[in-house]
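The values are calculated or read from the model by the stated rules, or taken from the named source; none is laboratory data. Here the structure is a predicted model, which is why all the values come from computation and not from measurement. Positions of Cβ are generated from backbone atoms using ideal geometry, with glycine treated the same way; all protein chains shown enter the neighbour counts.
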Amino acid sequence: MEDKIVTLEVVKGNPLVDALINRGNSHLGAIGYTEHGARHANLVASIGRNILLRLSFPEREAELAAIAGYLHDIGNVVSRHYHAQTGGVMAAHILYEMGMPADEIATVIGAIGSHDPEGTSEPVNYVSAAVILGDKSDVHRSRVRNTDKTKFDIHDRVNYAVERSFLKVDEKGKTITLELKIDTAISPVMDYFEIFLARMIMCRKAATFLGCNFELRINDTRLL
């Protein structure tokens, strides 16, 4: 098969990819998870690309980060358990059929497989580090699907409390900062750390892999 330049737009136009993302999001909704659909996929793709461009990585590498970010959760259609690894295997087949070069496929699926949400994975390449940062920084009330606030679990409560989330890349200072504005009347900051500390540790490892420091600021106060 002749190699082709596969872009994010080509991937987004694939009907199988679209079905996997949408159905995977539906499956997670059925078991009570926050949103993991097209909004999340597009945001992780955008953040991943932006991180590498801001840090002066090659444009093609940034494009691969966008592709990996967009595809990173397709394994949810099979099961939430080991979805990162399952998604990597699925993405390999899809990207091969699209004609992506083998070395690029290897980079992308490594990034997908290393974004495990339980904090057990490590960044394995620059694309992987960018996807981890994009994925773990997406905490916001728009992700909450439960419309009954009286039945919020801690994940619903913490996400709903976040009114603003922004990942700032300071290329000159070599610092990546997650800035959050949290309504502490909805959820105390301690709740955030209870469920997201492992993810913040992953972000720190990813930033370090990119040659940067990682900071967490909540309500204008630096906590990490």
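So that you can scan it fast, the table gives a plain yes or no per residue for (1) more than 21 Å from T7 (Cβ to Cβ); (2) within 18 Å of the chain's Cα centre (by Cα); (3) modelled with pLDDT under 95; (4) surrounded by fewer than 18 Cβ atoms within 10 Å (Cβ to Cβ):
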residue: A92; (1), (2), (3), (4): no, no, no, no
residue: L95; (1), (2), (3), (4): no, no, no, no
residue: G99; (1), (2), (3), (4): no, no, no, yes
residue: V124; (1), (2), (3), (4): yes, yes, no, yes
residue: S128; (1), (2), (3), (4): no, yes, no, no
residue: H140; (1), (2), (3), (4): yes, yes, yes, no
residue: D148; (1), (2), (3), (4): yes, no, yes, yes
residue: F166; (1), (2), (3), (4): yes, yes, no, yes
statement: Picking from I109, I5, I47, the residue that is out of contact with any Gly (no Cβ under 6 Å at 6 or more places or on another chain) and either farther than 13 Å from A130 by Cβ or assigned to a helix (DSSP H, G or I) (or both) would be I5
- line: Checked I67, I51, I47 against criteria (more than 22 Å from V139 (Cβ to Cβ) and at pLDDT 95 or above); the one match is I67
field: Extreme residue, modelled with the lowest pLDDT, among residues of the range 205-224 that are closer than 13 Å to T177 by Cβ and either among the aromatic types (F, W, Y) or surrounded by fewer than 18 Cβ atoms within 10 Å (Cβ to Cβ) (or both)
entry: L224
- request: Kindly list the number of the only condition in (1) part of a helix (DSSP H, G or I); (2) among the hydrophobic types (A, V, I, L, M, F, W, C); (3) under 15 Å from I67 (Cα atoms); (4) more than 14 Å from the chain's Cα centre (by Cα) that fails for L133.
  value: (4)
field: Residue selected from the range 53-67 under the condition of a type outside the set (D, E) and surrounded by fewer than 24 Cβ atoms within 10 Å (Cβ to Cβ), by the criterion nearest to K4 (Cα to Cα)
entry: R60
- prompt: Which members of the range 68-123 meet the condition of being under 22 Å from R204 (Cα atoms), touching a residue at least 24 places away in the same chain (Cβ under 8 Å) and among the hydroxyl-bearing types (S, T, Y)?
  reply: Y70, T107, S114, S121
